[in-house]
Amino acid sequence: MTTPNNLPAEVSSFVGREQPLADLRKLLHKSRLVTLTGPGGAGKTRLAQRVAAEVLDRYPDGVWLVELAAVTDARLLEQTVASVCGIREHRRRPLLEVITKAMATRHVLLILDGCEHLVDPSADLVSRLQRACSRLSVMITSREPLGLSGEVIWRVPSLTVPATAAGQRPELLLQSEAVRLFIERARLSRPALELDAYSSPAVAQICIRLEGIPLAIELAAGLARVLTFEDILARLHDRFRLLTGGSRTALPRHQTLRAAVDWSFGLLSLDERELLVRLSVFAGGFDLAAAEAIAADDSLEPGEVLLLLSRLVDKSLVVAEEGGSQRTRYRMLDTIREYALEKLQPGAEAAIRRRHCLYFVDLCQRAHAELRSHDQVNWLKRLDDEQGNIRLALEWSIAEAPVEALRLAGAMDRYWYMRGHIAEALDWLDRALASSEGDAAVRAAAYLARAHMRWMQGDYEAANADAQTSAKLCRELGPSQTLFIAVTLLAIVRASKGDWVAAGQMHDEAFQIAWQLQEAWFVGSALNNLGLIAMERGDHEVARGRLDQALAGFRLAGDRFISAPTLDSLARVNQKLGDHGAARANFLEALTISTEFADAFNVALVLDGLAQLEVEVGKPERTIQLSSAAETLRKTVGTELTPEWKRPADVALTAARSKLSSDAADAAWRRGAGMNLEAAVRFAMGTSERPAKENGSPLTARERQVALLIAEGLTNGEIAGRLKMAGRTADAHVEHIRNKLGLRTRSQIAVWAHERLGTA
Ligand SMILES: Nc1ncnc2c1ncn2[C@@H]1O[C@H](COP(=O)(O)OP(=O)(O)OP(=O)(O)O)[C@@H](O)[C@H]1O
Ligand SMILES: [Mg+2]
């Protein structure tokens with residue numbers, strides 16, 4: 001499957017829903033905005049994920065699932081969507097503009113999951129996006145529709161239940177989805193379980209009683225380990241009789257679920273209940289270490305947490321799954337979390353929230369250092385997983401513990417920088433710095449983080465002011481990492497004004513600080529900056545020496561991420577020195593690293609660098625193709641080249657064009673434009689198949705036929721019909737074409753076919 005997507009692997013089996021899935025597939029064809037509604041636990045999220053997986057092929061530019069439960073602040077909505085879709089902030093441009101630009105012409109399916117607490121902001125975002133992006137489809141799951149015109153509201157039905165409980169044969173009962181779900185889940189604790197004539201009536205009645213609501217059925221099945229089906233049913237009856245005053249009329253669906261949740265909560269041991277309630281403070285899940293540190297106290301030993309947690313998992317109250325950093329993560333379904341949160345006593349809540357905050361302050365402080373080390377990729381993913389919790393800790397501490405807010409925001413600097421979450425970072429930092437608390441070291445770090453973000457945003461004046469404040473605060477405390485970076489930023493701002501002499505002096509001072517700190521990374525960083533100054537002066541030999549040493553420092557520290565820009569600079573210096581072989585090797589290594597971090601923006605910069613090299617070595621076609629691929633990549637992440645970078649890129653492009661016929665140049669440009677990140681990287685590395693000559697192509701005769709039909713705008717089904725082949729065969733041909741050509745979208749294949757196979 002070539003569609004980029006972030007759909008999670010299913011952690012439990014999926015039952016039934018054939019007709020709803022078919023209906024939804026059709027609906028998505030007709031409408032660009034479909035909202036799945038229904039009460040909590042009705043199966044909206046599960047169904048949306050399933051249907052998205054089935055229609056991946058229709059959205060070659062991406063299928064992105066944005067989970068909103070952990071996003072409580074509407075201001076973070078755009079940021080969350082952008083980061084899920086791999087779109088990067090760009091200088092001071094409003095994020096919405098960047099997103100719309102990146103998605104303007106792309107076939108994307110965006111799924112906003114769990115919008116009920118953000119109905120208005122979600123509606124606003126979706127309508128703006130869809131107005132600007134004509135090929136963007138959106139699927140919403142929400143207990144409440146968005147209320148937009150053009151929104152197709154689709155109520156998620158209950159699972160089918162048996163018509164009657166009595167006298168049904170087990171195999172007939174199993175035709176009902178609810179019964180199948182019940183049995184599947186009960187088997188998790190009793191693998192040998194079979195539905196027989198004896199147990200059938202009780203199971204059928206449980207499913208009818210619970211009205212086919214998937215979550216309610218999972219909760220009931222979770223009791224199968226300790227109770228017989230008869231027992232489950234008897235207790236359920238008691239519970240519901242109380243609620244309906246003994247009448248047989250059904251409750252509204254949301255009350256049925258509420259009753260089922262209440263009931264399964266009531267059957268937990270006191271310890272299990274206590275743990276579940278405490279775990280509701282997490283946003284976006286947690287791992288075992290966090291649960292032990294935060295949920296345990298005098299009344300609940302850390303050593304007990306795992307056992308209790310596994311019992312909650314057995315009972316479907318907590319879900320276990322694999323997180324991005326390969327650690328097991330736990331999470332509660334939204335309905336359960338809301339229920340448990342209501343039970344948290346205000347007195348207990350304050351203490352737990354404090355522990356939650358302190359835990360994440362500590363984690364982020366460790367991450368701050370680890371993100372420069374050998375283990376940086378893992379830590380990056382770990383912090384990706386913990387975004388919900390970190391935001392929660394920031395929000396809480398800004399109101400309740402301002403010093404912790406400053407610590408946390410200061411420690412997040414590196415992560416925000418590496419992921420490019422600038423607007424969000426500035427928002428938190430402004431709010432944290434609004435308090436006047438904290439000692440010099442804490443405030444200096446927070447000011448520095450803000451200086452860093454403002455610099456990334458291109459606001460050099462504001463960056464300078466914050467870096468000054470930070471340097472002033474920490475200068476008195478002796479050499480420190482904070483002081484090093486503050487002085488470095490001040491130098492960079494000077495350099496941006498053309499004051500190279502002052503900049504050089506300040507980088508020298510930073511070098512002295514790094515030397516005193518005896519930290520390889522910081523020495524490396526100072527040498528890198530001194531190397532750039534030498535480069536600017538045209539002192540290429542000196543620059544090469546310093547950049548080489550800088551690289552050695554970063555390697556020693558283990559920071560691959562930061563090596564990429566240094567390698568890129570080194571490549572450019574080597575190129576100036578006429579050492580094309582070394583330059584190419586540097587560029588390719590930078591490319592490998594940026595690809596590893598999925599950093600499309602840097603990949604594009606390196607492609608531009610290589611493009612400039614190729615024209616010097618007499619390969620103008622490659623120059624054009626690489627420049628064009630870089631330009632396309634920038635569009636997909638929503639960024640542009642700054643004027644300093646654009647100038648040399650344009651010079652190389654003009655030189656390359658002057659060496660080719662305009663047809664050949666245009667063809668090279670089109671080939672580059674049709675490349676996605678992987679194809680562009682392969683081409684740059686020289687590992688892709690050489691672009692085919694006019695009379696030949698890497699495709700078989702049959703694949704060429706298929707490509708031509710794609711160019712005519714036919715769907716896979718229509719192609720199958722036209723060529724009299726099975727649908728699956730057509731799918732396979734399309735897949736082969738994509739892989740062989742390294743192309744992603746049908747429109748890219750169409751361009752290719754027009755260009756290479758000579759269609760009209
Ligand atoms: N067709 C199905 N097959 C198997 N399990 C299902 C199915 N539908 C739902 N479930 C399970 O039921 C539970 C509730 O489903 P889900 O989380 O999709 O509900 P929801 O409507 O999104 O609830 P909420 O409003 O709380 O977000 C989940 O554990 C889910 O895996
Ligand atoms: Mg949901």
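The values are calculated or read from the model by the stated rules, or taken from the named source; none is laboratory data. From a predicted model like this one, the values you see are computed outputs, not experimental measurements. Positions of Cβ are generated from backbone atoms using ideal geometry, with glycine treated the same way; all protein chains shown enter the neighbour counts. SASA here: full protein model, heavy atoms, side chains in, ligands and nucleic acids out. Shrake-Rupley method; radii C 1.70, N 1.55, O 1.52, S 1.80 Å.
Highlighted here are the helices (runs of 4 or more DSSP H) found entirely within segment 678-760 that include at least 3 residues which are modelled with pLDDT of 80 or more and not aromatic (F, W, Y): 701-711, 716-723, 727-741. Scanning segment 34-72 for residues that are polar (S, T, N, Q), within 15 Å of ligand 2 (Cβ to nearest atom) and out of contact with any Pro (no Cβ under 8 Å at 6 or more places or on another chain) gives a single hit, T45. Considering segment 54-77, the residues that are within 14 Å of ligand 1 (Cβ to nearest atom) and either part of a strand (DSSP E or B) or β-branched (V, I, T) (or both) include one that is most open to solvent (accessible area, probe 1.4 Å), namely E67.
Applying the criterion of being of a type outside the set (V, I, T) and open to solvent by less than 10 Å² (accessible area, probe 1.4 Å) to the residues of segment 309-322, the residue that is farthest from ligand 1 (Cβ to nearest atom) is L309.
Give me the residue from segment 634-659 that is under 23 Å from M103 (Cβ atoms) and out of contact with any Phe, Trp or Tyr (no Cβ under 8 Å at 6 or more places or on another chain) and, out of that set, surrounded by the most Cβ atoms within 10 Å (Cβ to Cβ).
Step one: of segment 634-659, the residues under 23 Å from M103 (Cβ atoms) are 634-642.
Now restrict to residues that are out of contact with any Phe, Trp or Tyr (no Cβ under 8 Å at 6 or more places or on another chain): 635-636, 638, 640-642.
Working: K635: 18, T636: 22, G638: 25, E640: 15, L641: 16, T642: 11.
Restricting to residues being under 23 Å from M103 (Cβ atoms) and out of contact with any Phe, Trp or Tyr (no Cβ under 8 Å at 6 or more places or on another chain), the top hit is G638.
Residues in segment 357-373 include none that are part of a loop (DSSP other than H, G, I, E, B), within 16 Å of ligand 2 (Cβ to nearest atom) and surrounded by 21 or more Cβ atoms within 10 Å (Cβ to Cβ).
Can you tell which of A711, A667, A679 is surrounded by 15 or more Cβ atoms within 10 Å (Cβ to Cβ) and assigned by TED's automatic domain parsing to the domain that holds A730? Break it down into steps so the answer makes sense when it comes.
On the way: A667 fails: assigned by TED's automatic domain parsing to the domain that holds A730; A679 fails: assigned by TED's automatic domain parsing to the domain that holds A730.
Answer to the check: A711.
Being within 17 Å of the chain's Cα centre (by Cα) and part of a loop (DSSP other than H, G, I, E, B) is the requirement here; does T80 meet it? Please lay out each step first, then the result.
Working: within 17 Å of the chain's Cα centre (by Cα): yes; part of a loop (DSSP other than H, G, I, E, B): no.
Criteria not met by T80.
Filter segment 139-196 for residues that are within 16 Å of ligand 2 (Cβ to nearest atom) and of a type in the set (S, T, Y); which is farthest from H29 (Cα to Cα)? Step by step, filter segment 139-196, then rank; the result is S158.
Let's see how each residue does on (1) open to solvent by 10 Å² or more (accessible area, probe 1.4 Å); (2) in contact (Cβ under 8 Å) with a residue 60 or more places away in the chain; (3) closer than 23 Å to L333 by Cα:
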residue	(1), (2), (3)
P20	yes, yes, yes
K26	yes, no, no
R46	yes, yes, yes
A52	no, yes, yes
L112	no, no, yes
D124	yes, no, no
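Here T45 clears all of (1) at pLDDT 90 or above; (2) away from ligand 1 (no atom under 16 Å from the Cβ); (3) in a helix (DSSP H, G or I) except the condition numbered (2).
Report whether or not L275 is open to solvent by less than 60 Å² (accessible area, probe 1.4 Å), farther than 21 Å from A186 by Cβ and either assigned to a loop (DSSP other than H, G, I, E, B) or hydrophobic (A, V, I, L, M, F, W, C) (or both). Yes, satisfied.
Which condition number in (1) open to solvent by 50 Å² or more (accessible area, probe 1.4 Å); (2) within 25 Å of T639 (Cα to Cα) is the one that A425 fails? In the conditions (1) open to solvent by 50 Å² or more (accessible area, probe 1.4 Å); (2) within 25 Å of T639 (Cα to Cα), A425 misses (1) alone.
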